[in-house]
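Notes follow once the structure below has been shown.
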Amino acid sequence: MTANQTHPRTSPAGTPLIQCRRLTKTYKKGDNTITPLQELDLDVPAGDFLALMGPSGSGKTTLLNLIAGIDRPSGGQLVIGGTDIATLSRSRLADWRSTHVGYVFQLYNLVPVLTAYENVELPLLLHSLSARERHEKVQTALQLVGIADRHDHYPRQLSGGQEQRVAIARAIVTDPTIIVGDEPTGDLDQESAQAIMDLMTRLCEDLGKTLIIVTHDAKSAAYAKRTLHLEKGRLVDSQQLATRRADRALQEA
């Protein structure tokens, strides 16, 4: 994994890397059926940087988790790189996720008793790699995020921005096709948030990754190539969104 490398695991020419067709997620809550995602259609080309926005409960995190293979759809198709991951068994889905997806969380999710180096190495332990191969990959990832000089520090010895850099290194160390971020700047101050978004944008471009983030922050969303808005489990086009905002402004005036 080097800064000028383009990723080989993309879909055939002309085919979007990610294809959602009538993608639906439902679950039971008592006697009620909750539908956080309703028959959603979406294409994401390889190398895209997509920001998902919307109010709480709009379905954006549900969509992110489905694409990441963390959750399973209740209906529809979710084809990524030619594989309908909705049809995979739990074990095959876990294998697919460990190879193709890197996840960046709002609260970093670092293991407090492990150093930065050891946290980044964790995903590699699921793969058949020698200690030397793991070391090379971890060192490269730490260098790419600018935190190699803190490799022996524990999370408690790092700032929030540094912890998120370690988390990003952990997300890219397996050279995944897709990086997803759930509010990756949500726990950071403005300066650190800007630095993290600069970093994620550069990695997306230099490494040829497809990046999808969920955010409530318009400044973070502005880094993306595309911003999509969800409401009540459905995509809302920009014209509809502008009309709804204008209507709300009139009602509040």
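The values are calculated or read from the model by the stated rules, or taken from the named source; none is laboratory data. Computed from a prediction, not measured in an experiment: that's the story for all the values here. Cβ placement follows ideal geometry from the backbone for every residue including glycine, while neighbour counts extend to all protein chains displayed.
General observations
- Scanning the stretch 26-46 for residues that are loosely packed, with under 14 Cβ neighbours inside 10 Å and either of a type in the set (A, V, I, L, M, F, W, C) or part of a strand (DSSP E or B) (or both) gives Tyr27, Lys28, Lys29, Asn32, Thr33, Ile34, Asp41, Asp43.
- Residue satisfying all of: in the stretch 152-198; aliphatic (A, V, I, L, M) and surrounded by fewer than 20 Cβ atoms within 10 Å (Cβ to Cβ); nearest to Val113 (Cα to Cα) among these: Leu158
- Scanning the stretch 225-249 for residues that are touching a Phe, Trp or Tyr at 6+ places or on another chain (Cβ under 9 Å) and modelled with pLDDT under 75 yields a count of 0.
- Given (1) more than 22 Å from Pro36 (Cα to Cα); (2) among the hydrophobic types (A, V, I, L, M, F, W, C); (3) at pLDDT 95 or above, index of the condition Ala221 fails: (1)
- So Leu63, is it in contact with a Cys (Cβ under 9 Å, 6 or more places away or on another chain) and under 30 Å from Gln162 (Cβ atoms): yes
- Among the residues making up the stretch 74-95, a single one is within 17 Å of the chain's Cα centre (by Cα) and assigned to a loop (DSSP other than H, G, I, E, B): Gly81.
- For the stretch 74-106, filtered to residues that are over 17 Å from Leu17 (Cα atoms) and in contact with a Ser or Thr (Cβ under 6 Å, 6 or more places away or on another chain), the residue that is surrounded by the most Cβ atoms within 10 Å (Cβ to Cβ) is Ser74.
- Count of the stretch 167-199 residues which are under 16 Å from Leu144 (Cα atoms) and touching a helix residue (DSSP H, G or I) at 6+ places or on another chain (Cβ under 7 Å): 12
- Failed criterion for Leu207 (all others in (1) at pLDDT below 95; (2) surrounded by 20 or more Cβ atoms within 10 Å (Cβ to Cβ); (3) over 23 Å from Arg97 (Cβ atoms) hold): (3)
- The set of residues from the stretch 207-240 being part of a loop (DSSP other than H, G, I, E, B), under 13 Å from the mean Cα position of the chain (by Cα) and aliphatic (A, V, I, L, M) comprises just one member, Ala224.
- So Leu188, is it hydrophobic (A, V, I, L, M, F, W, C) and assigned to a loop (DSSP other than H, G, I, E, B): yes
- Scanning the stretch 98-144 for residues that are part of a loop (DSSP other than H, G, I, E, B), among the small types (Gly, Ala, Ser) and under 22 Å from Pro184 (Cα atoms) turns up nothing.
- Qualifying residue in the stretch 47-62 (condition: touching a Lys or Arg at 6+ places or on another chain (Cβ under 9 Å), surrounded by fewer than 20 Cβ atoms within 10 Å (Cβ to Cβ) and closer than 30 Å to Leu124 by Cβ): yes
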